[in-house]
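What follows is a single structure, written as structure tokens, with notes after it.
Bear in mind that the values in this text are calculations on the coordinates, not laboratory data. Since this is a predicted model, take the numbers as computed values, not measurements. Positions of Cβ are backbone-derived with ideal geometry, glycine not excepted, and every protein chain shown enters the neighbour counts.
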Amino acid sequence: MKTLSNIAIAAAIGLVSATPAKALNGFGAIGSYDTSGPEYYIIDTGSGPLNILRSDNPLLNTTYGLTTYADQGPYEGSDDTYVAVINKSSSTLSSFTLTGPVNPSTPLFGFDGDGINLYAPTIPNNANDTTGYGGPQAWFTGISLDQYTGTVNFIGGIAPGGQTYFSLESALNQQGGTGGGGVTGTVPDAGSTMAMLSAGLIGLGLLRRRIQG
């Protein structure tokens with residue numbers, strides 16, 4: 001956790017950088033502690049749970065054809081995590097839920113004012129994000145009282161083959177590769193969503209018939 005004075009000092013000594021140039025895997029380096037790109041990658045294959053892999057996990061290369069590189073650590077040198085999202089499924093990825101904790105003293109969604117937008121200030125603040133952690137496309141809902149669980153939403157969704165990025169207050173554990181345990185990620189089931197929508201439409205139809213009758 002940081003204090004506002006820590007954040008102000010970081011900005012004053014030049015830790016805040018401009019919009020990053022594209023580095024590895026199409027993502028840029030953000031903050032002076034990060035030289036290569038995101039610390040973690042969340043990959044949706046459309047089958048099973050999300051795969052959460054750190055940048056040095058060889059599965060990034062052997063399974064997904066991405067460049068691996070040394071663990072970047074927190075982009076601001078303390079605890080915040082730069083997260084990439086890549087959609088390798090055949091459907092648009094609109095949201096997913098992450099749940100922890102990994103670090104009991106630093107909840108994933110315990111946002112304290114030094115999100116990724118502070119360290120790359122020309123990243124446009126999207127209209128739905130009020131935290132500064134959402135990057136160009138992400139915003140957060142359903143954050144639990146303990147701040148360990150929340151839903152990450154994407155404006156317009158991430159199309160198949162697309163990618164984006166955001167930040168969290170602490171690190172993720174790896175899933176779908178080595179590591180395991182800790183944070184897990186799930187994508188809402190499209191079938192159940194459609195079933196709920198259909199039920200709602202049927203209910204509206206019955207109500208309309210009653211009114212007309």
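Of note:
- Most tightly packed first, judged by the mean number of other beta-carbon atoms within 10 Å of their residues, the peptides 59-68, 159-168 read 159-168, 59-68.
- Taking Cβ atoms as reference points and 13 Å as the exclusive limit, the residues near Phe166 contribute a net charge of -4, counting Lys and Arg as +1 and Asp and Glu as -1.
- Between Ser105 and Ser89, the distance separating the two model label sites (each 7 Å from Cα on the Cα→Cβ line) works out to 3.6 nm.
- Rounded to the nearest angstrom and listed largest first, the equivalent-ellipsoid semi-axes of segment 33-137 from its Cα gyration tensor are 22, 18, 15.
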